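The values are calculated or read from the model by the stated rules, or taken from the named source; none is laboratory data. Since this is a predicted model, take the numbers as computed values, not measurements. Glycine gets a Cβ as well: all are built from the backbone with ideal geometry, and neighbour counts include every protein chain shown. The protein model used for the area step is the full one, side chains on, heavy atoms only, and it has no ligands, DNA or RNA in it. Shrake-Rupley method; radii C 1.70, N 1.55, O 1.52, S 1.80 Å.
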Amino acid sequence: MSTTPLPSQQQVNATPKHESITGVVERLTYYSQESGYTVARLQRPGAKELTTITGSFADIQPGQTLQLTGFWREHPQYGLQFQVVNYKETKPATLTGIEKYLGSGLIKGVGPVTAKRIVTHFGIETLDIIETQIERLIEVNGIAKKRIKLIKNAWETQKAIKEVMVFLQSHGVSTTYAVKIYKQYQDKAIATVTENPYQLATDIYGIGFLTADKIARNLGVPADSEFRYCAGLVHALSEAAEDGHCYLPQTELIESVTKLLTTADHQPTADAITQTIKDMALKDELIRERDADKTLNCYKPTYFYTEQNLAQLVRHRLTYPISSDIPRVRTWLERFSSSRQVSLSPEQQQAVETAAYSRFTVITGGPGVGKTFCTSTIVSLWKAMGKSIALAAPTGRAAQRLGEMTGLEAKTIHRLLEFDPRTRSFKRDRTNPLPHSAIIVDEASMLDLFLAYSLVQAVADNAQLLLVGDIDQLPSVGAGNVLADLINSGKVPVVRLTQVFRQAATSKIITASHLINRGQYPNIESISNTPQSDCLWHGGGFEPEHGVQAISELIADFIPQLGFNPATDVQVLCPMSRGLVGTRNLNNVLQQLINPPSPEKIEVTRGGTIFRTGDRIIQLTNDYQREVFNGDVGFITTIDTEEQEVIVQYQEREVTYDYADMNELALAWSVSIHKSQGSEYPVVILPLYTQHYMMLTRNLLYTGLTRAKKLAIIIGSQKAISMCVRSTKSQERYTRLQQRLIQVASQ
């Protein structure tokens, strides 16, 4: 079969001339889930060598037969490539193409093995058979009626999805999320997108305002549309919530939305945005409130009412005092200390006495000050008082540690409150409170606004609540600054533990953490010396390239020599996700070192990321259906190419994901310091470079360092460490819980 010859160098260098080529996609070299940008290898009819094609594709799979329009170009590094401008898919014309097409993961229930059997039996008529006589698949060895039904449903779904893909592609956007769009809206997908494309940003995880806006503009929605302005305001407030804010001052909100909505042909005015804010406020789609200095603040309604109600609940709890018998508690403590041959510091004694008879108590303090011992003593006291005790923490790992140190079962807060994935709400609430008279929650610095509210409202009026946490750590990943607001309000009983105990003081991790917290440069031993410390510094370089090399050497040689397993014991924690020493790049580097490819490891590529069996992963969002939550870490145990499913082993159980939902996952060989809260690791590696200057704060370094149980290694420049130590400017969060607690108290 003849084929169009490759163009000459002279032709390539001339003005690009559009032409058409046809071929079968052999493999994908690169695919971006966000943009759809693809680099693939194409087998053209009669050609001896594969052709490299580049361009944006709605959805592309090995085995697809494509008719491509575009032009040739010479890449300075990778050579001759065909730049695709437009394309359309045609049915595969060869048996090999059909087999690759069916086995590419396109249809759930048909993997490479099943595809080979089907094509071997039906030959070139395979796709027509599936389209018009699918029941004949029963003729293929190994395919039962149940599997035929599954394949039929998947084929019909795929056809419907392709309609959505073609629709979105025709309007110039990537359709990577077409499967999710179809799952959300079914046969109403195109109608919904046409009527109000901004609804996508609200309903579908992973589709933000910018993508929805691109669809809207291509559909002809005007730039000054009310839909667009409202969506822009909601997006700006949602983005602020991602940074921890419960609201934005109206002036900042207008500034942010103006930048967001400005295009080459449209410049929104502050008056127009202000009017939209007023209109949304009239419909309760947005709440405006003036604070004490007359600043006008704008909330999404759920944030406003949750913050307001949480303040009222806390104050309500404090209006019900418990009759106390402190002398009796002190007598019990004397007997307890004598029998255990331990002694409490004055601070710990105060904490136990306060917790004994307070409806709501906060105990805070850094590492090594005895929070654990203090908590377990309170548990023993409450047991002696005959109380029904419940223990909880925001994450599974933190709950496990709490249970180990107290000898009682501890649960995640979601499990304690009995989360119902069907209703996406907790069964335990104010009308159905927890059946316990005393509740302890550890790692309370991780409590965001909504989880704190759900917890407090589920505590019975006659019960006691104790929050234990380190106020100097980073605040919660979610919106709010709950622990700090509770403490700073002065309305909740608080005991701060400060005395570092002798045994803890032998750990350089702990002593360095307290020095950092006091704004002093820590005395950290260089790794180049014979290391005798549990806290080391790996210097020798000021550029990120040094960090990548240093981490690679530590993982490959140094850490295994100390008896640690890099796959299970080591966690790299980064200030940021971007850059050479950010989580994204380091995850690729560490994956190659710790879990490299091999014939027995199955892989799947999603969003430009390769996931393979054995990989450590992290959940990126709260998935209420599967009951896995933002920050949960597990390992991939199985990738099923036939069923298009990935099974992840979390601490307590296995969870199954469809391929379409894998944008909820990311590799976790390296995670952000923020995501590490509530966890502890035998070994922590912290890369710190001045390129991260925006993120280098004291509480960031303090939080990262205190995640290490046995060994911490800081990599980078002393200047970057100094920047952390000097910077007390952790990002201000717009919250008003503290003020509301004070206001409620004065009413």
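When every residue of the stretch 414-433 is checked against the conditions, none turns out to be under 30 Å from Ser533 (Cα atoms), touching a residue at least 60 places away in the same chain (Cβ under 8 Å) and not small (Gly, Ala, Ser). The lone criterion from (1) at pLDDT 85 or above; (2) among the β-branched types (Val, Ile, Thr); (3) farther than 26 Å from Leu237 by Cα left unmet by Val671 is number (3).
Here Arg496 meets each of (1) within 23 Å of Leu381 (Cα to Cα); (2) part of a loop (DSSP other than H, G, I, E, B); (3) open to solvent by 50 Å² or more (accessible area, probe 1.4 Å) with one exception, condition (2).
Within the stretch 590-601, the set of residues being without any contact (Cβ under 8 Å) to a residue 24 or more places away in the chain and either assigned to a loop (DSSP other than H, G, I, E, B) or more than 25 Å from Pro687 (Cα to Cα) (or both) comprises Pro596, Pro597, Ser598, Pro599, Glu600, Lys601. Condition test on Thr319, is it among the hydroxyl-bearing types (Ser, Thr, Tyr), over 22 Å from Phe227 (Cα atoms) and open to solvent by 50 Å² or more (accessible area, probe 1.4 Å)? Considered against the rule, which asks whether it is among the hydroxyl-bearing types (Ser, Thr, Tyr), over 22 Å from Phe227 (Cα atoms) and open to solvent by 50 Å² or more (accessible area, probe 1.4 Å), Thr319 comes out as yes. Total residues in the stretch 371-395 satisfying the condition of being open to solvent by 20 Å² or more (accessible area, probe 1.4 Å) and in a helix (DSSP H, G or I): the figure is 7. For the stretch 584-604, the set of residues classified as farther than 21 Å from Tyr650 by Cα and touching a strand residue (DSSP E or B) at 6+ places or on another chain (Cβ under 7 Å) consists of Leu586, Pro597, listed by residue number.
The rows are residues; the columns are (1) open to solvent by 40 Å² or more (accessible area, probe 1.4 Å); (2) assigned to a helix (DSSP H, G or I); (3) of a type in the set (A, V, I, L, M, F, W, C).
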{"residue": "Ala398", "(1), (2), (3)": "no, yes, yes"}
{"residue": "Arg422", "(1), (2), (3)": "yes, no, no"}
{"residue": "Arg430", "(1), (2), (3)": "yes, no, no"}
{"residue": "His436", "(1), (2), (3)": "yes, no, no"}
{"residue": "Ile439", "(1), (2), (3)": "no, no, yes"}
{"residue": "Leu451", "(1), (2), (3)": "no, yes, yes"}
{"residue": "Val456", "(1), (2), (3)": "no, yes, yes"}
{"residue": "Ala460", "(1), (2), (3)": "no, no, yes"}
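For the stretch 288-301, the set of residues classified as in contact (Cβ under 8 Å) with a residue 24 or more places away in the chain and of a type outside the set (D, E, K, R) consists of Ala292, Thr295, Leu296, Asn297, Cys298, Tyr299, listed by residue number.
Each residue in the stretch 249-271 was checked for being farther than 29 Å from Thr735 by Cβ and either open to solvent by less than 50 Å² (accessible area, probe 1.4 Å) or in contact (Cβ under 8 Å) with a residue 40 or more places away in the chain (or both), and 3 of them qualify. Is at least one residue of the stretch 454-470 in contact with a Pro (Cβ under 6 Å, 6 or more places away or on another chain) and more than 25 Å from Val671 (Cβ to Cβ)? Checked the stretch 454-470: at least one residue is in contact with a Pro (Cβ under 6 Å, 6 or more places away or on another chain) and more than 25 Å from Val671 (Cβ to Cβ).
Filtered by the rule that a residue be of a type outside the set (Val, Ile, Thr), under 24 Å from Asp569 (Cβ atoms) and open to solvent by 50 Å² or more (accessible area, probe 1.4 Å), the stretch 617-661 gives Leu620, Asn630, Phe635, Gln649, Gln651, Glu652, Arg653, Glu654. With respect to (1) within 19 Å of Leu253 (Cα to Cα); (2) open to solvent by less than 20 Å² (accessible area, probe 1.4 Å); (3) in a loop (DSSP other than H, G, I, E, B), the lone exception for Glu285 is condition (2). Answer with yes or no whether Lys214 is surrounded by 13 or more Cβ atoms within 10 Å (Cβ to Cβ) and either closer than 30 Å to Lys675 by Cβ or not basic (Lys, Arg) (or both). Considered against the rule, which asks whether it is surrounded by 13 or more Cβ atoms within 10 Å (Cβ to Cβ) and either closer than 30 Å to Lys675 by Cβ or not basic (Lys, Arg) (or both), Lys214 comes out as yes.
Condition test on Leu593, is it in contact with an Asp or Glu (Cβ under 6 Å, 6 or more places away or on another chain), surrounded by fewer than 19 Cβ atoms within 10 Å (Cβ to Cβ) and either small (Gly, Ala, Ser) or within 30 Å of His692 (Cβ to Cβ) (or both)? For Leu593, the condition - in contact with an Asp or Glu (Cβ under 6 Å, 6 or more places away or on another chain), surrounded by fewer than 19 Cβ atoms within 10 Å (Cβ to Cβ) and either small (Gly, Ala, Ser) or within 30 Å of His692 (Cβ to Cβ) (or both) - is not met. Look at (1) touching a residue at least 12 places away in the same chain (Cβ under 8 Å); (2) farther than 25 Å from Thr211 by Cα; (3) of a type in the set (S, T, N, Q); (4) open to solvent by 60 Å² or more (accessible area, probe 1.4 Å) and you find that Gln77 fails only one, number (1). From the list Ile107, Ile143, Ile148, which residue is at pLDDT 85 or above and in a loop (DSSP other than H, G, I, E, B)? Just one listed residue meets the conditions, Ile143.
One line per residue, one yes/no per condition, for (1) open to solvent by 40 Å² or more (accessible area, probe 1.4 Å); (2) assigned to a helix (DSSP H, G or I); (3) under 30 Å from His235 (Cα atoms):
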residue: Tyr305; (1), (2), (3): yes, yes, yes
residue: Val314; (1), (2), (3): no, yes, no
residue: Thr331; (1), (2), (3): yes, yes, no
residue: Ser338; (1), (2), (3): yes, yes, no
residue: Glu347; (1), (2), (3): yes, yes, no
residue: Ala355; (1), (2), (3): no, yes, no
residue: Thr361; (1), (2), (3): no, no, no
residue: Val369; (1), (2), (3): no, no, no
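Looking at (1) open to solvent by 20 Å² or more (accessible area, probe 1.4 Å); (2) of a type in the set (A, V, I, L, M, F, W, C); (3) modelled with pLDDT under 90; (4) not in a helix (DSSP H, G or I), can you tell me which one Val604 breaks? So Val604 meets the others, but not (1).
Within the stretch 80-100, the only residue that satisfies the criterion of being surrounded by fewer than 14 Cβ atoms within 10 Å (Cβ to Cβ) and more than 30 Å from Val110 (Cα to Cα) is Val85. Which one is nearest to Leu474 (Cα to Cα), of the residues in the stretch 665-686 that are in contact with an Asp or Glu (Cβ under 6 Å, 6 or more places away or on another chain) and not aliphatic (A, V, I, L, M)? Here the answer is Gly678.
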